[in-house]
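The values are calculated or read from the model by the stated rules, or taken from the named source; none is laboratory data. Every value quoted in this text rests on a predicted model; they were computed, and no experiment measured them. Methodologically, a virtual Cβ is constructed for each residue, glycine included, from the backbone with ideal geometry; neighbour enumeration extends over all protein chains shown. Quick note on the areas: whole protein, heavy atoms, side chains included, nothing else; ligands and nucleic acids left out. Shrake-Rupley method; radii C 1.70, N 1.55, O 1.52, S 1.80 Å.
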Amino acid sequence: MVNAKVFKDEVKKLIEKIYETQAANIDATAEIMTNAIKKGGVIHIYGSGHSVGLGIDITDRPGCLVPIHIMEMTDFVYYGGVSVEEFTDKVNIFERRPGMAEKLFNLYDLNENDVFVVISNSGINGIVIDVADLARQRGHKVITITSMTHTLAEGSRHPSGKKLYEYADVVIDNCGPQGDALLDTEKEERICSVSSITGALIAQTIGTEVVRDLMEKGLEAPVLWDETLEGAKEHNEKLLAQYEGRI
């Protein structure tokens, strides 16, 4: 029977699996991000559906790296002149229209040193693949976070027939199950989607390694300070001003 203890035990196993199997990929990602930050680059994060939560978890809070920018489809409404009615059209679905990745990129101030992190549990849908593909075409490093179990079990929905991981410089497997739900109820349904948990774990672990890399190189990590620290307001305002218009 499923219960809280079963969930805890299964999540612990999943966390251990990530650290045992993905350490090299996490280290490689941290190195790419460190080099980007050293050169004034920004880390752009794009995720479909709940995957956007990974970016939210590591931005705008104490201890987070500042040069991280979340790419969101809603930015078309806020900055791109698209009406709410057009954006929410249920017939001509906005994000499935041709050329959306390029239009999304055009909303932002990108430079050659920027890195892209693209997240999708399935890694088979059009827009995430388009974003990763366009980033690679423009010469950016691309990190993908996906469930390899899930993505290898299903066919691509992209016209190219490819999947998200095929466009990556580094692939991080979140080690989650097909369909994302972790626990078997012994009936038809499964419960407890875990990609939000694994996404936050992976993101915070990468952040830890980036800060370590920067400190070992004798560089100051561009991290938001807790407002209770003396000088935090001035530190944070100066740091945010450095990346104004880019994050």
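Computed values, structure above
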| read-out | value |
| --- | --- |
| Theoretical FRET efficiency, 1/(1+(r/R0)^6), r = Cβ-Cβ of TYR108 and LEU229, R0 35 Å, to 0.05 | 0.70 |
| Using a Förster distance of 41 Å, the FRET efficiency for LEU152-LYS238 (Cβ separation, nearest 0.05) | 0.35 |
| Helix-only mean residue ellipticity at 222 nm for the chain, each DSSP H run of n ≥ 4 adding -39500 (n - 2.57), per residue, nearest 500 | -12500 deg cm²/dmol |
| Euclidean distance between Cα centres, segment 102-146 to segment 170-197, Å | 24 |
| Semi-axis lengths (Å, descending) of the ellipsoid that matches the C-alpha gyration tensor of segment 72-127 | 21, 17, 9 |
| At least 18 Å along the helix axis (C-alpha) and Kyte average at least 0.0, DSSP helices within the chain | 23-38, 195-216 |
| Percent accessible area from carbon and sulfur atoms, segment 83-188, protein chains only, probe 1.4 Å | 44 |
| With 5 Å bins from 0: P(r) over segment 1-101, alpha-carbon pairs, percent | 2, 9, 12, 15, 17, 14, 11, 11, 7, 1, 0 |
| Accessible area in square angstrom per residue, the chain, 1.4 angstrom probe | 53 |
| Qualifying lysines (Cα of each under 24 Å from Cα of LYS187; at least 8 residues distant if same chain) | LYS5, LYS8, LYS12, LYS13 |
| Rg/Rh ratio calculated on Cα atoms of segment 133-247 (Kirkwood radius) | 1.09 |
| Relative contact order of the chain, pairs being alpha-carbon contacts under 8 Å that are 6 or more residues apart, as % | 25 |
| Simple label model, 7 Å out from Cα along Cβ direction - ASN3 to GLU16, nm | 2.1 |
| Segment VAL82-ARG97, extension gain: residue separation times 0.36 nm, minus the distance between their alpha carbons | 4.1 nm |
| At 1.567 mPa s and 4 °C, Stokes diffusion of segment 68-178 via Kirkwood alpha-carbon radius, µm² per second | 88 |
| Most fluctuating residue given options PRO98, PRO222, PRO177, as computed from a GNM of the chain linking Cα atoms under 10 Å | PRO98 |
| Distance histogram for the chain (every C-alpha pair counted, 5 angstrom bins, percent rounded to whole numbers) | 1, 6, 12, 17, 18, 16, 13, 9, 5, 2, 1, 0 |
